[in-house]
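Read-outs throughout are calculated quantities, based only on the coordinates presented, and are distinct from any laboratory measurement. Everything quoted here is computed from the prediction, not taken from an experiment. No Cβ is skipped: glycine too gets one built from the backbone with ideal geometry, and neighbour counts run over all protein chains shown.
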Amino acid sequence: MTTKLKKLNEQVIVLTGATSGIGLATARMAAESGAKLVLAAREADALDTLAHEMRQRGAEVATVAADVGVPEDVAKIGRTAVERFGRVDTWINNAGIGTFGTFEQVSLDDMQRLMQTNLWGVVNGSLEAVKLLKAHGGGALINVGSEASDRAVALQGTYSASKHAVKAFTESLRMELEKDKAPISVTLIKPAAISTPFPMHAKNYMEHEPTLPAPLYSPELVARTILHAAEVPERDLFVGGQAKLMSVLSQLLPRSMDRFMRGAIFKQQQAPELSAPGRRDALHQPDARRELRQRADLGDKITETSPYTSFQMKSTATKTMLVGGALLAAWALTRKPARRVWHA
Amino acid sequence: MAVHLRKIDEQVLVITGATSGIGLTTARMAAEQGAKLVLAARNAEALDTLASELRRKGTQVCTVAADVGVPADVERIGHAAMERFGRIDTWINNAGISIFGRNEDVPVEDMQRLFQTNYWGVVHGSLEAVKHMKTRGGGAIINLGSELSERSVPLQGMYAASKHAVKAFSDALRMELEKEKAPLSVTLIKPAAIDTMFAVHARNYMDKEPALPPPIYAPEIVANAILYAAQHPKRDVFVGGAAKAISSSGFATPRVMDKFMNASMFKQQKSDLPSSPKRRDALYESDPRNELRQRQGMPGHVAESSAYTAVTLRSHKIAPVLLGLGGLLAAWTLARRPALRKAFG
């Protein structure tokens, strides 16, 4: 892709799901980099608090209370961006929600609601983004998928289906825009398990509180990856080497992955605590008591860096040198040492 | 999988989308092999015509006019099967529809309608199947995915998204059922381009009539694979070597595939004929003028067999033989190496 993208401090960035987790980390990091921000989420109070925090540091921020599953709300996000800043340079579809439970347990209504946010929210956002980006000289469309875009996870089946669908939709849109020669970079971000309030916001049907299996990566790592894609055209980026590993193993050894998941994932997604009756979640409505938190803060070990993630973001020249150098070293080390004939 | 599946002539099969294409071909093939059938589709008349045809040949058939996107309709299918035959051995979620057009040109309502049939229809059907089959001896749930379950394509973005979602659903359901040790096999069928009424029934937002890119395969190959999976537990089956090729190269070299598809898929998914303004499709309602046809008769060559699929269906016998031969070959090659020969005298 030869699309030219601006530096962050020259950009207007739209971001959905901005008041929590990955979205919040990305919003703060983008503000610090000098970008102008249009932040969307369902909870107006949380947005106001966040905007106030950022404006005190000199950031220019517009906020839109919006549910990405509602097309009119997404149109409002686009209108706000153009009215306030005159254009959009990067649009990040990040808002997402989960459910934990088997397909037999989770209600159809809850499954539909999840899909409305995770898939249709991305469709609505992407189509609005393309319209605005085309009208204002191009830019970047960044959709947040998941490692579950490549491999389904038991107990998070509908979430996995939504992220698979996001991957396919993003892929077809990318090809169509390239055919048009539109100056738009389309990126799919595929994070591994990240320490955010995701399990607490998810609706839970299991006996125990949901949690995610280790390794848990930091939301800041995802934010850095997203903002890299806002400046450098990328097709897709895993966040966390674990995500790449799962993807490759699932393609090559699907049955083994089934067996591995069966042995591990049912236990690893249930915390020791029982699920409290009357437990609140953010599936149908935002959970106002749990806004503005980037991390889960559960005392889990959080992996702050990922060599694989950094590797992906290096330039083609650097990657070629690194891989080429590694192959050369491997070849050199496996050569038979030359036989020296000693003459007495 | 230690699931035991009966022979077809002892089975009760539920088939959705039974009045056209792959569903119709499978229904006729299953009837010929002696199965009892529960056939579902939206068009009651087409179902009646099909049922008469099959009953004249001695098949026991029950029909249910149903839209798989409506949970209550799918419950009626399950209920009818249990009332008429007392059990279900195989449930085939086959009903599906497409839209051709750029994502920017397709109204989101149409996309959602497609998803309601292709994804939620499969969810409703699978969960209804699990309800009736889990504690009554088990059986097979067979979901129609696509090569587009693994790799997307331009001009059919939401179709590909729906088939990706069907794959994820099937994979997660399979793990959840295996955890419970349910006696159910969950199979994902992933056909390449098949000569059915797919392009005729699809809604179209392009300037030309939709077409499918070669290689195009016969629906009988898919029906065969479905009925095989109804009798032998299989995780997933590509139908047509091209489907496997798209999946593997799409995974290994996605940018190459992007460029390849941009060079070919815009031309090859459009026929030479302009799209008629009076064109009917089957997205929201069935199209009664185009029912009960297995094939459209797509132009160009239609492959009547697939060596790839034939080998993979029977691979549980071939694979150990090939591995054994491979092992022997490796041993012989190693034995010939001078260093080893010296070491072992």
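Helical runs (DSSP H, four residues minimum) scored at -39500 (n - 2.57) apiece and divided by the length of chain B put the mean residue ellipticity at 222 nm at -15000 deg cm²/dmol.
Shielding of peptide A:153-163 by partners, expressed as the average count of other chain Cβ atoms within 10 Å per residue Cβ, is 6.
For the pair B:Asp105 and B:Ala310, label points projected 7 Å from Cα toward Cβ lie 4.0 nm apart. Normalised size of the protein assembly as shown, defined as Cα radius of gyration per 2.2 N^0.38 Å with N residues, equals 1.01.
Taking amide hydrogens as placed 1.01 Å from N in the peptide plane, the amide H of B:Cys62 sits under 5 Å from those of B:Leu37, B:Val38, B:Leu39, each at least 5 positions away in sequence or on another chain.
For B:Phe238, the residues 5 or more places off, or on other chains, whose built amide H falls under 5 Å of its own are B:Lys190. The Kirkwood radius of region B:118-215, taken over pairs of alpha-carbon atoms, gives through the Stokes-Einstein law at 20 °C and 1.002 mPa s a diffusion coefficient of 144 µm² s⁻¹.
Find the centroid of the Cα atoms in region B:180-211 and in region A:1-72, then give the distance between the two in whole Å. Centre-to-centre distance over Cα atoms comes out at 40 Å. At an R0 of 30 angstrom, the distance between the Cβ atoms of A:Ser275 and A:Glu32 translates into a FRET efficiency of 0.20. What are the GluC sites (Glu not before Pro) within region B:149-212 that DSSP puts in a loop, where the Cβ has at most 15 other Cβ atoms within 10 Å? The qualifying sites are B:Glu180. The phi-based Karplus calculation (6.51 cos²θ - 1.76 cosθ + 1.60; θ = phi - 60°) puts the 3J(HN,Hα) values of region B:301-306 at 7, 10, 6, 8, 8, 9 Hz, whole numbers, x for Gly and Pro. Measuring against 18 Å, Cα to Cα, the residue pairs A:Lys131/A:Lys181; A:Lys134/B:Lys270; B:Lys131/B:Lys234 contain A:Lys134/B:Lys270; B:Lys131/B:Lys234 as the ones spanning a longer distance. Structural descriptor for chain B: relative contact order 20 percent, calculated from alpha carbon pairs under 8 angstrom and at least 6 residues apart.
In this structure, the pairs whose alpha-carbon distance is over 25 Å, taken from A:Lys163/A:Lys267; B:Lys244/B:Lys278; A:Lys163/A:Lys203, are B:Lys244/B:Lys278.
Averaged over the residues of B:147-160, the number of partner chain Cβ atoms lying within 10 Å of the residue Cβ comes to 5.
Our summary gives chain A a relative contact order of 20 percent, counting only alpha carbon pairs under 8 angstrom and 6 or more residues apart.
Dividing the Cα radius of gyration of chain A by its Kirkwood radius returns 1.03 for Rg/Rh.
Taken residue by residue and averaged, Cβ atoms of other chains lying within 10 Å of the Cβ of B:173-186 number 4. Longer than 25 Å from Cα to Cα, which of A:Lys314/B:Lys267; A:Lys190/B:Lys163; B:Lys7/B:Lys190; A:Lys167/B:Lys190; B:Lys7/B:Lys181; A:Lys301/B:Lys163 are they? Say none if no pair is. As for pairs spanning more than 25 Å Cα to Cα, those are A:Lys314/B:Lys267; A:Lys301/B:Lys163.
If both residues of a DSSP beta bridge must be in chain A, then about 5% of such bridges are antiparallel. Summarising the strand pairing of the protein assembly as shown, around 5 percent of its internal DSSP beta bridges are antiparallel. Modelled this way, with points 7 Å down the Cα-to-C-beta line, the labels at B:Arg279 and B:His79 are 3.9 nm from one another. The antiparallel fraction among DSSP beta bridges confined to chain B stands at about 5%. The modelled label-to-label distance between A:Val232 and A:Ala264, using points 7 Å beyond Cα along the C-beta direction, is 2.9 nm. Inverting the pair-averaged 1/r between distinct Cα atoms of region A:7-77 gives 11.9 Å as its Kirkwood hydrodynamic radius.
How are the alpha carbon pair distances in region B:48-136 distributed across 5 Å bins from zero to the largest one, expressed in percent? Reading upward from the zero bin: 3, 13, 19, 19, 16, 13, 8, 5, 3, 1. Couplings for region B:289-300, taken from phi via the Karplus curve 6.51 cos²θ - 1.76 cosθ + 1.60 with θ = phi - 60°, read 6, 10, 9, 6, 10, 6, 10, 7, x, 5, x, x Hz in order; Gly and Pro are left as x.
The aspartates and glutamates within cross-link reach of A:Lys7, meaning a Cα-to-Cα straight distance under 17 Å and a gap of 8 or more places when in the same chain, are A:Glu32, A:Glu60, A:Asp89, A:Glu231, A:Glu234.
So how far, in whole Å, is the C-alpha centre of region B:14-31 from the one of region A:108-146? So the separation of the two Cα centres works out to 36 Å.
Classification of region B:257-301 by its C-alpha gyration tensor yields a prolate form. The axis ratio a/c (a ≥ b ≥ c) is 1.5 or more, and a/b outweighs b/c. When the label point is put 7 Å from the Cα of B:Phe266 along its Cα-to-beta-carbon vector, which residues of region B:106-133 have a backbone N closer than 18 Å? Backbone N within reach: B:106. For the peptides A:14-22, B:229-237, residues were scored by their other Cβ atoms within 10 Å and the scores averaged per peptide; the highest-first order is A:14-22, B:229-237. Evaluated on region B:8-313, the Kirkwood hydrodynamic radius is 19.2 Å, with distances taken between all distinct Cα atoms.
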